[in-house]
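A.B. asks: Here it is, the structure, as structure tokens.
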Amino acid sequence: MSGEGSLRIIYFTGEIVEHLIKTDRLVLKPSCEADIAFVQKLIARPETYFYDSDMRKSPDDVFKDCRWYIENAKLLPDEGGIRWIVQLNADSIGEVHVQCNWEKTLEWEFGYNFLKEFWGKGYATEALKAIIPYIFTCFKVNRLVAFTNANNKESVALLKRIGMFEEARLREVRMSDGIYCDEMVYSLLKREFTRG
């Protein structure tokens, strides 16, 4: 995999912002207080949790989650987490979040959500192809992992497209509308990233 994003600190709205990434079409900026309303709107949409309806978060839980990412970005690069707001022409269209699961083994997990009207246009692929090299270069990561509902074919295809390896199928560990569902586990190791 080659890095398609910028790994340097650049200016954004007149201030130096650490962890800002730019691609050909997108700006991925670390979330701040002003982004909480967008994330709440994104998470509230029915399609966001279509495959995980039993995991839907309340607006208060989303607020707490947003605050966690803002506060824990201060712990980077060793631990913590960060949420990037994905912007197209200064409009927020999605988010990608990453957090340290295990400090000792350097395992980090990521997830993503985009507004439905921006699905199928390559924005998620572009954002993740920029974020993955950034994570492996700037954070202390050995293993990057993502989980998705096995029925979410679009998410499964996206994870394969960005170079993740299918690692496991966990049987009936998720619920959606009260029905048990399988979960797919995808991962990428640092040595695989640097070799790619």
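Read-outs: derived from the displayed coordinates by stated rules, not from any lab. As the structure is a prediction and not an experimental result, all values here were calculated from the model. Because the Cβ atoms are built from the backbone with ideal geometry, glycine has one as well, and the counts that use them run over all protein chains shown.
A.B. asks: Counting each DSSP H run of 4 or more residues in the chain as -39500 (n - 2.57), what helix-only mean residue ellipticity at 222 nm follows after dividing by all residues, to the nearest 500 deg cm²/dmol?
C.D. replies: -8500 deg cm²/dmol
A.B. asks: Here's a follow-up. What net charge do the residues around Y186 carry, taking every other residue with its C-beta under 9 Å from that of Y186, with Lys and Arg at +1 and Asp and Glu at -1?
C.D. replies: -1
A.B. asks: Also, I was wondering about something else. Please compute the Cα-Cα pair-distance distribution of the chain with 5 Å bins starting at 0, giving whole percents from short to long.
C.D. replies: For the chain, the pair-distance distribution reads 1, 7, 16, 20, 22, 19, 10, 3, 1, 0.
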